[in-house]
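The block underneath contains the structure these notes are about, expressed in structure tokens.
The values are calculated or read from the model by the stated rules, or taken from the named source; none is laboratory data. Values in this document were obtained by computation on a predicted structure and should not be read as measured data. Methodologically, a virtual Cβ is constructed for each residue, glycine included, from the backbone with ideal geometry; neighbour enumeration extends over all protein chains shown. Areas reflect the complete protein model, heavy atoms only, side chains present, ligands, DNA and RNA absent. Shrake-Rupley method; radii C 1.70, N 1.55, O 1.52, S 1.80 Å.
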Amino acid sequence: GLEEITPKPVQDTGNILKQGYLEKRSREHSFFGSEWQKRWCVLNRRTFYYYANEKSKQPKGTFSIEHCSARLAFHLRKDSRKRCCFELICPGKRTYE
């Protein structure tokens, strides 16, 4: 099984490979469909963290990337950002868009 990940502040995540803003699609659907939310994202060798912004102390979400794969997903958006879209597919969990 996957180990439980303890939420940590951004500055304590260690071995940061990449960090910056991404937009992720919400799981909840509104009247207008799924909404894209801007999140500060931090990636280290084992874990993906996402925060409300770069000053946040606690992540809004976190998951292990050890068994996840990524693929381009141009179909997710119709606007000029569609060339930048990708999915993180995590077996047994949700797919992050």
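Roughly to the nearest percent, how much of the accessible area of region 43-82 is carbon and sulfur, given a 1.4 Å probe?
Numbers: 1350 of 2750 Å².
With neighbouring chains kept in place, the figure for region 43-82 is 49 percent.
Quote the FRET efficiency, to the nearest 0.05, computed for Asn15 versus Arg81 with a Förster distance R0 of 30 Å and r equal to the Cβ-Cβ distance. Efficiency, rounded to the nearest 0.05: 0.55.
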